[in-house]
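These notes concern the structure reproduced below.
The values are calculated or read from the model by the stated rules, or taken from the named source; none is laboratory data. All of these numbers come straight from a predicted model, not from anything done at the bench. In this analysis, Cβ positions are derived from the backbone assuming ideal geometry, glycine residues included, and neighbour counts consider all displayed protein chains. Areas reflect the complete protein model, heavy atoms only, side chains present, ligands, DNA and RNA absent. Shrake-Rupley method; radii C 1.70, N 1.55, O 1.52, S 1.80 Å.
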Amino acid sequence: MKDKLQAVRGMNDLLTDQLPWWQLVERSACTLFADYGYQELRVPLVERTELFKRSIGEHTDIVEKEMYSFEDRGGDSLSLRPEATAGLVRAAIEHGLLHNQKQRLWTSGPMFRHERPQQGRYRQFHQIDCEAFGYEGPDVDVEVIQISARLWRMLGITDVRLRVNSLGTPESRRQYRALLVAYFERHRAALDADSLRRLESNPMRILDSKNPAMQEAIAGAPALADHLDPDSRAHFERFCDLLGAGGIPYEVDPRLVRGLDYYTRTVFEWTTTALGTQDAVCSGGRYDGLVAQLGGDPTPAIGWALGIERIVGLMQAAGKAADATVPAVYLVLSGDRAERAGLAIAERLRDALPGAGCLANMGGGSLKSQMKRADKSGAQLALIIGDDEIARGSAAVRKLRGDASQQDCPLHELPERIAALLGRKLNSRSDDGR
Ligand code: ATP
Ligand code: MG
């Protein structure tokens, strides 16, 4: 028996029955970003491994354990992108997009992380990503969060809550890190293997541990909020004030740290209770040092990323419907002459009624079997054309839903008649019945 070819573990085919939700999310995001003045930018799926090491950080889970890195045929070490920010920053620097200008950008697409696949956690997953470059103040921190909050409203998502924190500047974080290491050294006995490893490499990530046995030790640890530098504290207070003024409910969570090294000051995460363990749906924060760290002019920046799989999961858990769009008209073509005329008739209908859609029968078949296909297609009307009809210059229009009534219609009047039956407007530029 031949080996069955299968998709790579953790990398999913998105079958047609799932796509209506995906398209709803993607279309909504596209409109939304335009409304807020954010422009789309697209970057490659593959970058030099170096880029991710230098931005996300050598001692992060992503870089240490999760990246798909490989040597290409020229001997360069490349990686599939595990997130979008690094590539966007690289592109913005490379194309001079940050020279004396600010940028509000967004992007979306697949990301790759070698994690243990489970519900809501995959090896190829998809993010929508929002970034603002060149804005220093907390007002833009609130703006990017407003965008996410509006997206939840557009998609009918209610089971989410927002947690916020500040990570301060790299300097204040270094001082805090020393305190934290001293604390966890005193509580070494309470640490699990992962945390012991992090104690050496990335002690703040211990606060992020999901191990229940670790929670008591974590609760007793010094809080970063108590050790912020004055500027970061003022930034955070103003940020919280503006969030409140913007009507966005939030909680301050002093334990919220993020898994990537580049964050500074504001960090935030939207979580849900509807998806089990994979509770993070959107997270982000400020990364004021990253652009300079990657060789650009010093540029403050903030952004977030959401996981489309989890957003779709949330919409489905909430029973939010997303209908597939199917053509409203099925064109039944019976006989040689009808088939010959049919392709042009279908095009005329598509010109006259853009968005309504016309599904033309292909490959012949008896009238009965074509009518069956018409019914199954979900179309509202069947347009039936046989050789007799062509000879008479008319067609039969049958309703497929409701009363199943049928009427004859001269071919040149088809666009108007069908528009009326569908309750749609004709496209004025092509309703001349050519
Ligand atoms: P988690 O704590 O669930 O691992 P994260 O902190 O690693 O999430 P980010 O790197 O901030 O996640 O990515 C932003 C969003 O992308 C997450 O909030 C989540 O919705 C989604 N996401 C991250 N990793 C995956 C994955 N492996 N599969 C599906 N979605 C993911
Ligand atoms: Mg993760």
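Only the Cβ atoms of Lys and Arg (+1) and of Asp and Glu (-1) were treated as charged; on that basis the dipole of segment 329-422 about its Cα centre amounts to roughly 340 debye.
Charge tally for Thr107 (other residues, Cβ to Cβ under 10 Å; Lys, Arg +1; Asp, Glu -1): -2. Distance between the 7 Å Cα→Cβ label points at Ser369 and Lys425: 4.2 nm.
Within the chain, all pairs of alpha-carbon atoms sorted by distance into 10 Å bins from zero give the percentages 4, 17, 23, 19, 13, 11, 8, 3, 1, 0. If both residues of a DSSP beta bridge must be in segment 329-422, then about 50% of such bridges are antiparallel. What the Cα convex hull of segment 329-422 gives, in volume per residue, is 86 Å³. Per-residue 3J(HN,Hα) values for segment 68-75, derived from phi via the Karplus relation 6.51 cos²θ - 1.76 cosθ + 1.60 with θ = phi - 60°, read 8, 10, 7, 8, 8, 5, x, x Hz in sequence order (x marks Gly and Pro). A simple count of charges around Ile384, restricted to other residues whose Cβ falls under 15 Å of its Cβ and scoring Lys, Arg +1 and Asp, Glu -1, yields +2. At full extension, Arg197 and His412 could sit 69.7 nm farther apart than now, given 0.36 nm per residue minus the alpha carbon distance. Length gained on full extension, Lys210 to Asp35: 59.3 nm, using 0.36 nm per residue less the C-alpha separation. Where in segment 1-106 are there trypsin sites (Lys or Arg not before Pro) that are in a DSSP coil and have at most 15 other Cβ atoms within 10 angstrom of their Cβ? Qualifying residues, ordered by number: Lys2, Lys4, Arg9, Arg42, Arg73, Lys102.
Hydrodynamic estimate: the Kirkwood radius of segment 243-286 over Cα pairs, inserted into Stokes-Einstein at 37 °C and 0.692 mPa s, corresponds to D of 276 µm²/s. On a per residue basis, the chain carries 50 Å² of accessible surface, using protein heavy atoms and a 1.4 Å probe. Helix content alone sets the calculated 222 nm mean residue ellipticity of the chain: runs of n ≥ 4 DSSP H residues at -39500 (n - 2.57) each, divided across all residues, give -11000 deg cm²/dmol.
Could you look at segment 329-422 and say what percent of its accessible area is carbon and sulfur, using a 1.4 Å probe and all protein chains?
Working: 2370 of 4690 Å².
Solvent-exposed carbon and sulfur of segment 329-422 make up 50 percent of the total.
Computed from backbone phi with θ = phi - 60° and the Karplus coefficients 6.51, -1.76 and 1.60, the 3J(HN,Hα) list for segment 36-51 is 9, x, 9, 9, 7, 9, 10, 10, x, 6, 10, 9, 5, 3, 3, 4 Hz; x is used for glycine and proline. Shown for the chain are the DSSP H helices of 18 Å or more along their axis, judged by Cα atoms, with a mean Kyte-Doolittle hydropathy of at least 0.0: 19-35, 138-155. Residues whose amide H lies under 5 Å from that of Thr266, counting only those 5 or more places away or on a different chain, are Leu167, Arg286; hydrogens are built 1.01 Å from N in the peptide plane. Taking each of Lys53/Lys102; Lys53/Lys320; Lys53/Lys210; Lys2/Lys372; Lys4/Lys368 in turn, the alpha-carbon distance tops 29 angstrom for Lys53/Lys320; Lys2/Lys372; Lys4/Lys368.
Taken along the Cα-to-beta-carbon direction at a fixed 7 Å, the label points for Ala189 and Asp336 span 9.5 nm.
Placing dummy labels 7 Å off each Cα toward the beta-carbon, the span from Arg177 to Trp22 is 3.9 nm.
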